[in-house]
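The values are calculated or read from the model by the stated rules, or taken from the named source; none is laboratory data. Just so it is clear, the structure is predicted and the values come from calculations on it, not from any experiment. In this analysis, Cβ positions are derived from the backbone assuming ideal geometry, glycine residues included, and neighbour counts consider all displayed protein chains. Side chains are part of the model used for accessible areas, which takes the heavy atoms of the whole protein and leaves out ligands, DNA and RNA. Shrake-Rupley method; radii C 1.70, N 1.55, O 1.52, S 1.80 Å.
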Amino acid sequence: MKVFIALLQKEFLQIRRNSFLPRLIIAFPILVMLLMPLIMTMDVRNVNIAIVDLDHSSTSHRIASHINASEYLSLAQSTAEYPLALDALKHGDIDIIVQIPNNFERDMTISTPERISITANAVNATKGSMGLQYTVQTIAKALAELQCEKSPINVQELLTVENRYNPTLNYRYYMIPALMIILFILICGFLPALSIVGEKESGTIEQINVTPISKLTFTLSKLVPYWIIGLFVVTVAMIVARLVYGLSPVGSVATIYFGAILFIFTISGFSITIANFSDTMQQTMFVMFFFVMIFMLLSGLLTPIDSMPQWAQRFTLLLPPRYLVEILRSVYLKGTTFIELWPNFVALGIFAIFFNTLAALTYKKQA
Amino acid sequence: MNAIEIHNLSKSYGKVQALKNISFEVQQGELFGLIGPDGAGKSTLFRLLTTLLNPDEGSAKIDGLDMVKDYRLIRSRVGYMPGRFSLYPDLSVEENLQFFAALFGVKIEDSYDLIAPIYSQIEPFRTRKAGKLSGGMKQKLALSCALIHRPSVLFLDEPTTGVDAVSRNEFWDMLATLKTQGITIFVSTPYMDEASRCDRIALCNEGSILSIDTPQGIVQHFDAPIYGIRANNMLALLESARNAQGVIDCYPSGEWHHLVANTNFDVSKFESEFNHMDDFIIKSIEPTIEDVFIKLMKR
């Protein structure tokens, strides 16, 4: 135990002596939690619309004012010529063209009018399709309003919409748990591996290896500091989420900590395993990046697992972050309890044991 | 009991055979030198004896303990100073020493008498980071750390490589002091001139031991007459001397060429043949360890 404390002291001393690690450990979670949710958003906003109004009726004006009033759309241009608008679309000045045909209002009252045409720039597929939907909805709303004024029943009052768990459809609430996981991966995944490979590169591990220290003690002394740092990071991230975004978990904080601890165990064990197989920092970084890419992109952190193909969905069962992101999102937004989430905790527990055992076994005291 | 007993030890890295069937003993309290050029297998032997490597064949006992079976026990009884400085450069002198003391579960005070002659020289810099020390001071710190748990056998792998001549001399003086404390010291060096500071030496090359004896014994072993020759044009002298009658070998050694002769060699005849060269001198010399080494290597 005394030996272990000496090893731990040395690790912390080295972290503290490092010119930028302590700053990174504090600044990184704060910056990521402050900046990323503000910048990264899947909400499509500022869709620029050009209206080619050939009708010049009160209906076409109604549509234009509805578009202008929408928080997602903005009326950028109003012309009488379609080719002009198309040119602006090509230059990227506008995203969607709405053309209202001649005599639209008149024809509407007598028979089926010529259709309103909507043209979208779909280079950015998300923005194109989302923008299109918003535009269609806005125009439909404008037309419905006109209809209502003529008939006694208000169509809109027949519908009621509720977004459960995230009433304002705030994308940030979806992102924050994912960002917390990315933080764990970067801090508790990369740093222990680099710390071990650093000892290999400087040759200090050789000196440790000729001492009677056991593999397990040495590996643990590399892991424990980052476990503690990981817990610090969760706490900072939760405080920032609360103070800045007003997001506090509906469920229990203890459940979140428990999930986070299991995940930190897993990712740091994983990191040490990789370090055991590499001889240089370069090698470690590259191998880590390979896995981190898979973790970040395929674990449902940024895109929903449900929309992946079947075989890929099955593959995600092998990715530890998948389980934590589910835990964090459902505890944060729905208040799901530990008991309901037990399969996720069991999965994380298995991963944690597996990777840490592997880490201790693959550490070679004898080359 | 011998401090180190090596029986038929072999080790290969893939196709390269680094050690070929080596056997020898080092006595308790001996200062034993392993001498050979780079790539002779010195570091491999050190890594085997300090239990960092497992042998392919053969066995060794350190302090009576089997190197494979009792490796944990061996690690608490040996001190090892690798060729490359491998203490923590970001920890201070004192922190490094304390760290290694803690790893072995000892206190610095308990071994202070042992390390004092060495450590006292760097103690004024105890708050300086180890990475910021000069080469000689790094070496002293490394030696202090290797001694902190009072090892019975001390392994020093090329401790003087890259160290200036004065510090090298000092270092060997320190080893002589340690020897008086009864510690067995196993040291390797590529420098032949350091061999005379050892009790016994083993000459090794390409994974084999060529000869083991005291430095004097090894030199006495040299059974052929040896001469030193020189002239203004050293290169021409070397080439023609090699072709002269009765010459086994001739090679440069510092300011002289060393000439190894056989029984057919006639000094006066050789002298008259070469006297036309400017400033030609020939003299009989005592063989050095280097001469023995070259002779053994060529055999």
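Please compute the length gained on full extension between A:Tyr165 and A:Ser248, using 0.36 nm multiplied by the number of residues separating them and subtracting their Cα-Cα distance.
28.6 nm
With a Förster radius of 35 Å, plug the Cβ-Cβ distance of A:Met281 and B:Lys283 into 1/(1 + (r/R0)^6) and report the FRET value to the nearest 0.05.
Computed FRET efficiency for A:Met281 and B:Lys283 comes out at 0.05.
For segment A:291-367, what does the convex hull of the Cα positions come to per residue, in cubic angstrom? Provide the component values of the computation, followed by the final result.
Numbers: hull volume 8.9 nm³, N = 77.
Enclosed volume per residue, from the Cα hull, is 116 Å³.
Whole number in Å², please: accessible area per residue of the protein assembly as shown, 1.4 Å probe, ligands, DNA and RNA not counted.
48
Just from its helices, what would the mean residue ellipticity at 222 nm be for chain A, if runs of 4 or more DSSP H residues each count -39500 (n - 2.57) and the sum is divided by every residue, rounded to the nearest 500 deg cm²/dmol?
-21000 deg cm²/dmol
Mean residue ellipticity at 222 nm from the helices of chain B, using -39,500 (n - 2.57) per DSSP H segment of n ≥ 4 over the full residue count, to the nearest 500 deg cm²/dmol?
Value at 222 nm, helices only, nearest 500: -10500 deg cm²/dmol.
For chain A, what % of the accessible area comes from carbon and sulfur atoms, probe 1.4 Å?
The value for chain A is 65 percent carbon and sulfur by accessible area.
Excluding ligands, DNA and RNA, what is the accessible area buried between chains A and B, summed over both sides, using a 1.4 Å probe, to the nearest 100 Å²?
Chain pair A/B: roughly 2500 Å² of buried accessible area.
To the nearest 10 Å², what's B:Phe104's accessible area with a 1.4 Å probe?
Surface open to solvent at B:Phe104 totals about 40 Å².
Buried by at least 50 Å² relative to the chain on its own: which residues of segment B:32-57 qualify, computing accessible area with a 1.4 Å probe on protein heavy atoms?
B:Leu52
Name the residue from A:Phe4, A:Ala64, A:Asn46 whose Cα lies farthest towards the positive end of the charge dipole of segment A:1-71, charges +1 on Cβ of Lys and Arg and -1 on Cβ of Asp and Glu.
Going by the charge dipole, the pick is A:Phe4.
Please list the helices of chain A that count as membrane-span-like by this rule: a mean Kyte-Doolittle hydropathy of at least 1.0 together with Cα atoms stretching 27 Å or more along the helix axis, each helix being a complete DSSP H run.
Long hydrophobic helices here: A:215-245, A:253-277, A:342-362.
Across chain B, what fraction of all alpha-carbon pairs, as a whole percent, falls in each successive 10 Å bin from zero upward?
6, 25, 28, 21, 13, 7, 2, 0
Can you give the charge dipole size of segment B:2-220 about its Cα centre, rounded to the nearest 20 debye, using +1 on the beta carbon of Lys and Arg and -1 on the beta carbon of Asp and Glu?
500
Restricting attention to the alpha-carbon atoms of segment B:6-141, what are Rg (one decimal) and Dmax (integer), both in Å?
17.3, 49
If one takes the longest principal axis of the Cα atoms in chain B, at what angle in degrees, from 0 to 90 and to the nearest 10, does the Cα axis of helix B:93-103 lie?
70
Which residues of segment A:1-26 bury at least 30 Å² of accessible area once all protein chains are present, versus their chain alone (1.4 Å probe)?
Hits at the 30 Å² cut-off: A:Val3, A:Ala6, A:Lys10, A:Leu13, A:Gln14, A:Arg17.
If the viscosity is 1.002 mPa s and the temperature 20 °C, what translational diffusion coefficient in µm²/s does Stokes-Einstein give for the protein assembly as shown when Rh comes from Kirkwood over Cα pairs?
Working: Rh = 31.9 Å.
Diffusion coefficient, whole number: 67 µm²/s.
When the expected Rg is taken as 2.2 N^0.38 Å, what fraction or multiple of it is the alpha-carbon Rg of chain A?
Here the answer is 1.35, to two decimals.
On a straight-distance basis, which lysines could pair with B:Lys283 in a cross-link, Cα separation under 21 angstrom, same-chain partners fewer than 8 positions away excluded?
B:Lys269, B:Lys295
On the full set of protein chains, 1.4 Å probe, figure out the accessible area of B:Cys198 and give it in Å² to the nearest 10.
10
Roughly to the nearest percent, how much of the accessible area of chain B is carbon and sulfur, given a 1.4 Å probe?
C and S atoms contribute 47 percent here.
Beyond 22 Å, what share of the Cα-Cα pairs of segment A:47-158 remains, rounded to the nearest whole percent?
Result for the distance tail: 31 percent.
Given a 1.4 Å probe, show me the residues in segment A:179-205 buried by at least 10 Å² of accessible surface when comparing the whole protein assembly to the chain alone.
At a threshold of 10 Å² (probe 1.4 Å), the residues of segment A:179-205 that become less exposed are A:Glu201, A:Ser202, A:Gly203, A:Thr204.
More than 18 angstrom separation, counting every C-alpha pair in segment B:134-244; what % is that?
It works out to 62 percent of all Cα pairs.
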